[in-house]
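As structure tokens, the structure follows; a few thoughts come after it.
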Amino acid sequence: MKTNQPLILLIEDDPQFQMLLFTTLENQDYRVLTTTTGETGLIAVRNQKPSLLILDLGLPDIDGQDVICRLRKWSETPIIVLSARNQESQITLALDNGADDYLTKPFSTAVLLSRIKALLRRIAKTPSSHQEVFQIGDIKIELTKRRIYVGENLVSLTPIEFNLLSILIRHAGFVVTHRQLLEKVWGPSYVEHNHYLRIYMGQLRHKLEADPARPKYLLTEAGVGYRLSEGEGI
Amino acid sequence: MLVLQRFILLTAVHFSCNKITQSIEAEKLKKTYFNKYEAESFNASLLWGVFITLALTFISWHFREVLTPNNILLVYLLGVFFVALRFGFWPSILASLTIIPTFAYFIAPPIFSLTINDPEYISGLMILLGVATITSNLAKDIRHKAYMAEQREWRTSALYNLSKELAEARKESEIIEIGVRHIQAEFGVRNTFIFPDDSYFEQFPITQSLDNPPLWVANLNMAEWVFNHGQVVGKGTNNFPNENAIYVPMNGSTGIIGVLALDAINLSKDFLSKKRPLLDTYMYQIAHTLERANSVELAKNATLKMQAETLRNSLLSSISHDLRNPLATIVGAACTLEMDEDRLDKISRKKLVSIINEEAQRMSDLTIKILEMARLEAGEVVLNRQWYAVEEIIGSALRRLDKNLKTRPVNIQLEINLPLIYIDAVLLQQVIVNLLDNANKYSPELCPIDISVVTTVNTLVISVVDRGFGIPEEFHIKIFDKFFRVNEESAQSGVGLGLSICRAIVEAHGGEIKVSNRSGGGSHFEFNLPFLECPPIIDLEEKELML
């Protein structure tokens with residue numbers, strides 16, 4: 001009955017939490033596969049080819065980071081990592097290793113579901129990734145024409161501001177780490193120069209946001225990176 | 001049983017060269033001082049006895065026309081008396097014995113013959129010998145008393161110096177170092193104190209001893225035996241007399257607290273019987289000072305322990321109050337849902353579910369705060385400082401509180417061109433979240449909250465101001481204490497940790513946090529962050545217009 005629904009693989013060792021997520025996801029008509037260890041998880045990815053992977057970073061057998069690294073050698077399956085609070089460095093590492101998004105426990109299942117939806121939507125889009133025009137709230141971006149509108153007004157951006165925005169746009173809805181942004185916009189030798197990012201993000205906000213101190217779109221994930229919100233509700 | 005902590009391990013004393021030379025010089029000085037009176041220059045004194053007799057004979061020879069031999073005998077007596085006072089018993093006896101032949105040969109007729117004709121002179125000579133022996137004995141007593149007095153004085157001053165130095169010592173390692181140095185100076189022996197550690201015996205000082213060759217290693221097994229039996233052992237005692245050391249137990253008020261080991265290679269067998277009382281006095285002083293230092297330490301620890309106890313009690317009471325209530329609600333609601341699932345109407349079910357959700361959220365917040373505080377307290381937190389824009393941090397803090405703030409107006413006033421600041425963004429965001437959350441909880445709905453950021457010469461000042469009930473002035477400092485709440489039974493949930501977390505974080509950044517009352521009602525929280533470094537310069541891009 002549900003064979004056409006996306007398959008989600010859940011690697012989580014806490015039985016209660018696994019049960020909770022399993023029930024929640026099943027009720028949303030996803031097919032769900034659960035395992036409790038990293039090794040079995042990796043085998044399951046190879047055999048079952050899930051559309052998405054939810055990975056708890058604290059696993060009994062191997063480090064969650066290892067799972068990500070090993071998986072990324074041969075698979076592009078999107079990964080959402082779950083971690084405890086106060087582990088910003090772990091989260092950043094996971095994202096830099098190739099995870100796509102993260103949630104810190106405790107989180108609301110509504111947020112999890114919206115993240116899953118966004119990720120699945122993104123893979124569905126991938127083949128025709130030459131999307132030209134993005135509309136996010138009031139902001140309209142025409143990539144090849146390099147034009148940005150806020151409402152009806154054309155906004156002028158510097159090349160760096162534009163590069164920054166276009167990377168965030170391509171990952172709209174997902175967090176992009178400081179390192180990833182610095183590497184893609186300024187180059188590999190700038191990955192430690194966080195202050196560039198602060199200055200240019202500030203400038204972008206002042207140009208695009210109605211209230212730069214309470215941004216609606218260009219959101220900060222403290223200690224991790226930035227996320228371009230696709231609108232309300234995330 | 002072990003009163004003394006493992007201070008032995010704490011500080012290895014390094015004797016400064018200065019101190020070593022001082023003590024060795026003191027020892028030398030003392031030796032020459034006493035030797036004047038002691039029999040070490042015995043031979044020289046004997047010669048003096050003979051020499052003075054001969055000199056008197058020589059002088060008397062010239063006056064033999066004027067003085068009768070009886071008078072000359074009195075001159076000899078004077079000489080013997082002088083020798084007795086100046087050089088002691090044996091030289092004076094020798095002097096008197098020398099007088100017999102010289103008097104017979106040079107003074108008593110017939111001259112140049114050892115015979116004495118006149119019986120008067122023979123009896124005179126006998127009386128002289130008798131008087132000389134008695135005087136010598138008397139003089140010896142006087143000298144001995146003087147010697148004792150001198151030595152007592154020396155000891156008093158040595159003990160005085162010891163107690164003076166000990167009185168100034170604070171740390172146990174200092175006390176031991178002083179003790180070792182003074183015992184070495186007084187008794188001329190290398191020594192070491194041995195104290196029991198938690199499980200084994202340790203020797204002190206661990207570093208170089210006062211003399212060369214380097215530290216002579218005491219036998220720790222022996223020390224342990226002494227510690228357990230409370231008896232002196234080693235050279236000159238009945239126990240282990242073949243040891244080349246002496247181990248003396250050190251008595252404190254609660255029993256034996258340690259063992260003094262003396263290097264006995266250069267000590268005579270009767271060292272103990274002679275010097276034991278003085279040694280005991282030294283050890284008593286040292287032990288007493290050690291116990292004093294130790295009890296100060298214990299008192300300090302007791303105070304700390306008490307504070308920790310109070311803290312633990314308030315932690316327990318808040319946990320039991322603030323975590324048990326939501327738990328009770330959650331368990332109750334979940335039970336009802338499980339049992340009466342079919343009987344409940346949709347609205348009631350929804351209500352119960354939302355109660356569970358809310359209470360769980362509350363518990364989660366509390367748990368996070370308690371853990372956060374514990375982490376900060378444990379010193380586990382290493383600041384992950386990076387350059388950040390304050391605006392961004394305020395923005396993300398506000399976003400985290402979106403649900404709680406709902407429609408409450410928040411005014412943000414930022415100075416133009418705020419510099420970047422070198423901070424741990426996650427922690428700083430926590431500070432702002434806590435302050436905003438408090439402002440939100442403790443001020444009437446729809447009253448605006450104002451956030452402002454200004455710079456001074458070397459700090460960035462961030463304020464969060466509300467129109468709430470304010471905080472009574474007497475609590476303005478206490479409010480930042482752990483588990484302190486102005487109103488203990490307030491309906492607002494909280495453990496009284498939010499502000500302590502703020503303070504811990506701000507102080508970790510080298511800043512200060514304080515609260516004052518706002519004119520017109522409300523409270524004004526303000527914290528500053530010092531600019532530790534100049535913000536890095538970035539290569540600005542030419543502002544090319546994108547059209």
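What follows is calculated from the coordinates using simple rules that are stated; it is not laboratory data. No experiment lies behind these values; they were computed from the predicted model shown. Don't worry about glycine lacking a Cβ; one is built from the backbone with ideal geometry, like all the others, and counts go over all protein chains shown.
Are there any GluC sites (Glu not before Pro) in the range B:402-511 that are in a DSSP loop and have at most 16 other Cβ atoms within 10 Å? List them by number. Here the sparse-neighbourhood loop sites are B:E415, B:E445, B:E488, B:E489. Put the Cα centre of the range B:417-493 next to the Cα centre of the range A:10-88 and the gap is 39 Å.
Compute the helix-to-body angle for A:88-97: its Cα long axis versus the longest principal axis of chain A, expressed 0 to 90° and rounded to tens. Once rounded, the angle reads 90 degrees. Counting Cβ atoms of other protein chains within 10 Å of each residue's Cβ and taking the mean over peptide B:392-405 gives 4.
For a modelled paramagnetic label at B:T156, 7 Å from Cα along Cα-to-Cβ, the residues of the range B:258-280 in reach, with backbone nitrogen under 20 Å, are B:277-280.
Exposed loop sites are taken as chymotrypsin sites (Phe, Trp or Tyr not before Pro) in a DSSP loop (any state but H, G, I, E or B) with at most 15 other beta carbon atoms within 10 Å; the longest stretch of chain A without one runs A:108-234. Counting, for every residue in A:215-226, the Cβ atoms of other protein chains within 10 Å of its Cβ and taking the mean gives 5.
Note on chain A: Lys pairs 8 or more places apart or on different chains, Cα atoms under 24 Å apart, count 24.
Looking at the protein assembly as shown alone, DSSP beta bridges between its own residues are antiparallel in about 70 percent of cases.
The sum of -39500 (n - 2.57) across all DSSP H runs of n ≥ 4, divided by the residue count of chain A, sets its helix-only mean residue ellipticity at 222 nm to -12500 deg cm²/dmol. Bridging of B:K275 to aspartates and glutamates at a Cα separation below 20 Å is possible for B:E27, B:E38, B:E40, B:E150, B:E153, B:E186, B:E243, B:D263, once same-chain residues fewer than 8 apart are set aside. Nearest 20 debye, what's the magnitude of the dipole of chain A about its Cα centre given +1 on Lys and Arg Cβ and -1 on Asp and Glu Cβ? Here the size comes out at about 720 debye. Here the range B:412-512 carries DSSP beta bridges of which approximately 65% are antiparallel, counting only pairs with both residues inside.
Dipole magnitude for the range B:386-530: about 300 debye, using +1 per Lys or Arg Cβ and -1 per Asp or Glu Cβ, origin at the Cα centre. Remark: B:I432, B:I421 ranked as B:I432, B:I421, counting other beta-carbon atoms within 10 Å and listing the fewest first. Highest GNM mean-square fluctuation among A:S189, A:S156, A:S51, for chain A modelled with Cα contacts below 10 Å: A:S189. Are there any GluC sites (Glu not before Pro) in the range A:86-185 that are in a DSSP loop and have at most 16 other Cβ atoms within 10 Å? List them by number. Taking the range A:86-185 and a limit of 16 other Cβ atoms within 10 Å, the loop GluC sites (Glu not before Pro) found are A:E132, A:E152.
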